[in-house]
Amino acid sequence: MLLTSLEAGKTWTLIHPEYMTLFRREGIVSFPASYALAQDNLNLLNFMNSWLELQRASGKVDQLFDYWIQGKNAIPLQPRWSVIKDVLHWDVPQEK
């Protein structure tokens with residue numbers, strides 16, 4: 001068992017598919033993301049907060065979460081073309 005953030009856990013499962021993540025969706029009210037700006041820059045703060053709210057309301061945040069964290073709609077990488085493998089037909093061990 002490994003106790004970590006959901007994001008790190010999902011990354012771990014991509015590398016080690018024999019593992020899985022467990023979490024309580026209703027317990028998560030936000031996911032960790034931050035941006036830094038000057039303490040007295042209220043214009044930029046208001047702009048960023050408005051932009052984030054628009055992204056949340058449009059469903060873009062959920063779409064990005066599904067793609068980057070959940071791995072939905074990800075396209076598996078195909079092996080690259082190789083002279084050794086495709087022309088000379090040498091048997092090269094695959095990396096794991």
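Nothing in this text is a laboratory measurement; each read-out follows from the coordinates by a stated rule. Quick caveat, the model's predicted, so the values are computed rather than measured. Here the Cβ is made from the backbone with ideal geometry for all residues, glycine too, and neighbour counts use every protein chain on show.
Starting from the Cα of W12, step 7 Å along the direction of its Cβ; do the same at K72; then give the gap between the two resulting points in nm.
2.4 nm
Return D91, D86 ranked ascending by Cβ neighbour count within 10 Å, so the fewest neighbours appear first.
Lowest count first: D91, D86.
Using a 10 Å cut-off on Cβ atoms, rank the peptides 73-80, 49-56 from the highest mean neighbour count down.
Taking the mean over residues of other Cβ atoms within 10 Å, the ranking is 49-56, 73-80.
Take the Cβ-Cβ distance between S50 and L88 as r, set R0 to 41 Å, and report the resulting FRET efficiency rounded to the nearest 0.05.
So, using R0 = 41 Å, E works out to roughly 0.10.
If you average over every viewing direction, what projected area does the convex hull of the Cα atoms of the stretch 35-75 give, in nm²?
Mean projected area of the Cα convex hull: 3.6 nm².
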